[in-house]
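I have placed the structure first, in the form of structure tokens, so that the comments after it can refer back to it.
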Amino acid sequence: MTVTPLGIPRRLLEFTIDGEEARVPEGSTILDACRAAGKDVPTLCEGDTLRPKNACRVCVVEVEGARTLVPACSRKAEPGMVVRTGSERVRHSRRIVLELLASSVDLSTTPRAAEWLKEYEAKPDRFGPDAARLNEEPRVDNDLYVRDYDKCILCYKCVDACGDQWQNSFAISVAGRGFDARIAVEHDAPLTDSACVYCGNCVEVCPTGALSFKSEFDMRAAGTWDESKQTETTTVCAYCGVGCNLTLHVQDNEIVKVTSPHDNPVTHGNLCIKGRFGYQHVQNRG
């Protein structure tokens, strides 16, 4: 059972989204309001357990009176605001952003990326074969998770999850500047030589698969990864008395990865190394 704290009642703000009246609690973002109204606004860098970063710019919307398009994930709703989520200006901006991303980054494991590219008629190929790409092999330097920077969109969600917003390990940061910026551990060392505690909370928030479970990486390479055949079962971690919730992803009667519900008041999607990766004993059949 999920416990929802009530807190102090907040007044409702009234404004319009695409010509329809909307009412949301004070402090809500435009993205919160769009989702409440059933509007499908794409986003990549937004995370429901992290503070908005405004990095990907896919969620931009048009606000009447504003000089520029605004990021829906961070702009607070205001009384009387007039918001348009599907104007030609918004669609053009999203199309360009998706084209730039898809021309320089491997979005093959990004949920809904192919759908958005089709919806906004994005044509990444128009930038030609010389579009800047890392063309770097995945970094497999431990048995728990893999770093594939060819899929990284620099959303900084992993940096925030590893830093002061959750884990406070500060093992991940941004190295370089401008076009040379990249996510790295200190001195760009192997993960095993860094301050990483292998909680996997960075993997939990990664929107593109740039960080992935070693089990998932191996199964994708072998062509056996099939989410349509997977079931999800939420249970309680048995390692200690904290009571963290685990969601077991099972395929062919084998646990293939472990996540955690983001709305759980104990974990908020976060786990330790034992909860996220210590499940092999459950299926040892020797």
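So here's what we get for this one:
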read-out	value
Condition check for Pro42: under 29 Å from Ser212 (Cα atoms) and not polar (S, T, N, Q)	yes
Output for segment 120-141, where each listed residue is surrounded by 12 or more Cβ atoms within 10 Å (Cβ to Cβ) and free of Cβ contacts under 8 Å to residues at least 60 places away in the same chain	Tyr120, Ala122, Lys123, Pro124, Phe127, Ala131, Arg133, Leu134, Glu136, Arg139, Asp141
Out of Arg89, Arg35, Arg112, Arg57, sole residue that is out of contact with any helix residue (DSSP H, G or I) (no Cβ under 8 Å at 6 or more places or on another chain) and either farther than 21 Å from His262 by Cα or hydrophobic (A, V, I, L, M, F, W, C) (or both)	Arg89
Some residue of segment 85-93 being touching a residue at least 24 places away in the same chain (Cβ under 8 Å) and under 18 Å from the mean Cα position of the chain (by Cα)	no
Which numbered condition Arg220 fails, given (1) closer than 19 Å to Val282 by Cα; (2) outside any strand (DSSP E or B); (3) in contact (Cβ under 8 Å) with a residue 24 or more places away in the chain	(1)
Residues satisfying the stated conditions in segment 120-140, i.e. over 18 Å from Ile96 (Cβ atoms) and modelled with pLDDT of 90 or more	Glu137, Pro138, Arg139, Val140
Segments classed as strands (runs of 3 or more DSSP E), wholly inside segment 1-101, with at least 2 members that are farther than 30 Å from Val159 by Cα and open to solvent by 40 Å² or more (accessible area, probe 1.4 Å)	12-17, 20-25, 82-84
Wholly within segment 152-217, strands (runs of 3 or more DSSP E) carrying at least 2 residues that are open to solvent by less than 20 Å² (accessible area, probe 1.4 Å)	182-185, 211-213
Counted residues, segment 223-254 - those being polar (S, T, N, Q) and either part of a loop (DSSP other than H, G, I, E, B) or within 20 Å of Asn142 (Cα to Cα) (or both)	3
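The values are calculated or read from the model by the stated rules, or taken from the named source; none is laboratory data. Note that the structure is predicted; figures quoted are calculated from it, not measured. Ideal geometry is used to build each Cβ from the backbone, glycine not excepted, and the neighbour counts take in all protein chains shown. For accessibility, only protein heavy atoms count, side chains too; no ligands or nucleic acids. Shrake-Rupley method; radii C 1.70, N 1.55, O 1.52, S 1.80 Å.
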